[in-house]
1. Name the single residue, out of those in the stretch 227-275 being hydrophobic (A, V, I, L, M, F, W, C), under 11 Å from Pro49 (Cα atoms) and modelled with pLDDT under 80, that is nearest to the chain's Cα centre (by Cα).
2. Given the structure, is Leu282 buried (at least 24 other Cβ atoms within 10 Å of the Cβ), hydrophobic (A, V, I, L, M, F, W, C), modelled with pLDDT of 80 or more and over 15 Å from the mean Cα position of the chain (by Cα)?
3. If I go through the stretch 107-127 residue by residue, how many of them are modelled with pLDDT of 80 or more, not aliphatic (A, V, I, L, M) and not in a helix (DSSP H, G or I)?
4. Please work out which residue is nearest to Ala288 (Cα to Cα), limiting yourself to the stretch 155-195 and to residues that are touching a Ser or Thr at 6+ places or on another chain (Cβ under 6 Å) and either hydrophobic (A, V, I, L, M, F, W, C) or not in a helix (DSSP H, G or I) (or both).
5. Output the number of residues of the stretch 159-179 satisfying the condition of being over 14 Å from Leu284 (Cα atoms) and touching a residue at least 40 places away in the same chain (Cβ under 8 Å).
6. With among the small types (Gly, Ala, Ser), free of Cβ contacts under 8 Å to residues at least 24 places away in the same chain and in a helix (DSSP H, G or I) as the only criterion, which of Ala76, Ala31, Ala37 stands out?
7. How do the pairs read when you match residues in the stretch 278-295 that are within 19 Å of Phe259 (Cβ to Cβ) with residues anywhere that are in a helix (DSSP H, G or I) and among the charged types (D, E, K, R), using Cβ under 9 Å and keeping only pairs 6 or more apart or on different chains?
8. Which of the numbered conditions does Ala246 fail, given that it passes all the others? Conditions: (1) free of Cβ contacts under 8 Å to residues at least 24 places away in the same chain; (2) within 28 Å of Val131 (Cβ to Cβ).
Amino acid sequence: MILNIAILAAVAIFGVVLWWPGLRASATWRAMTTPLASIIGSGFLVLGPILDNQYGALAPAVMLALCLGSYLLGGAIRYNMRAIEAGAVSWPQGVETLASWALSFAYIVSVAYYLNLFGAFAVSLTPFDDVIFARIVTSAIYLVIAGVGWTRGFKSLEAMEYLSVSVKLAIIAGLLVGLGFFFAEKSGQGALVFLDPQISGWAALTLGFGLIVTVQGFETSRYLGATYDTDTRVRSMKWAQWLSAAIYMTYIVLITYTFARDDLQFSETAIVEMMGVITPVLPLLLVAAALAAQFSAAVADTSGSGG
């Protein structure tokens, strides 16, 4: 009971803070929502079990490497933003145009993937937990995003994105509180788990490179130039990466040392069932967080593709 109250209180407090008018009026914070939406997207909830199972007790170190690597990639994009937009670099126009078209199509695939996950989570706790109903939900949300973007433009998409990002971050705060209590309880009982890695060498390296997709998304800042100036986008990208790295590191540390390998699950919605062992309120919140995460990420990449 106390844990449920603590989790719900954390969600409520962070929700109020994120909806505070002073914060919402900040151009930097509004510009942060697009990269944040894309970074903390589909990969967040499934990343914990994957890292824990494959890398064992070394999972936090791998997560740190992923965050550092993504920050360096972001640094390259920030450099390009400043140099290209200031006219300091003369790129062949054909190369820039070809790259933009390639990335635009990649975003289309990305949006479809996010909304496919949205449909899966939307029906996961209902009697209609079936692939057909999931795809009906996916198609309906796809039409909503396309319709709003086509008729109302970026500002309306950004407003939808801000709401979903706020919901997602508030629920993640509650999730971390729940995991923190669970971690403290396990620690007090001397029952923390230190799993041996399942992979090493080349396999560990290639999986790590594959998991970079779970921490990317910061590049969407590059394509918001019609709304925000260069300095604002550079600053917001940095802050979005710092905040997401802090969330990822906390989440991975708490989950790595509390779940045995037999308790780990790897389906799209597995984390919902896993968190049920902590408290019944978490699965419900996580479904809402997953829906908000997929929706916000889809909207962010739609904006990036348009930009």
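1. Kept after step one, since they are hydrophobic (A, V, I, L, M, F, W, C), are these residues of the stretch 227-275: 234, 237, 239-240, 242-243, 245-247, 249, 252-255, 259-260, 264, 266, 270-272, 274-275.
Then drop every residue that is not under 11 Å from Pro49 (Cα atoms), which leaves 252, 255, 259-260, 264, 266, 270-271, 274.
Filter once more, keeping what is modelled with pLDDT under 80: 264, 266, 270-271, 274.
Working: Leu264: 20, Phe266: 17, Ala270: 16, Ile271: 14, Met274: 19 Å.
For the stretch 227-275, the residue satisfying everything is Ile271.
2. For Leu282, the condition - buried (at least 24 other Cβ atoms within 10 Å of the Cβ), hydrophobic (A, V, I, L, M, F, W, C), modelled with pLDDT of 80 or more and over 15 Å from the mean Cα position of the chain (by Cα) - is met.
3. 1
4. Val165
5. Our first condition is that a residue be over 14 Å from Leu284 (Cα atoms); within the stretch 159-179, this holds for 159-166, 169, 173, 176-177, 179.
Those left that are additionally touching a residue at least 40 places away in the same chain (Cβ under 8 Å): 160-162, 164-166, 169, 173, 176-177, 179.
Total satisfying the criteria: 11.
6. Details: Ala31 fails: free of Cβ contacts under 8 Å to residues at least 24 places away in the same chain; Ala37 fails: free of Cβ contacts under 8 Å to residues at least 24 places away in the same chain.
Selected residue: Ala76, the only one of Ala76, Ala31, Ala37 that is among the small types (Gly, Ala, Ser), free of Cβ contacts under 8 Å to residues at least 24 places away in the same chain and in a helix (DSSP H, G or I).
7. Pro283/Glu273; Ala289/Lys168; Ala290/Lys168
8. (2)
The values are calculated or read from the model by the stated rules, or taken from the named source; none is laboratory data. As the structure is a computational prediction, the values presented were derived from the model and not from experiment. Note: ideal-geometry Cβ built from the backbone for every residue, glycine included; neighbour counts use all protein chains shown.
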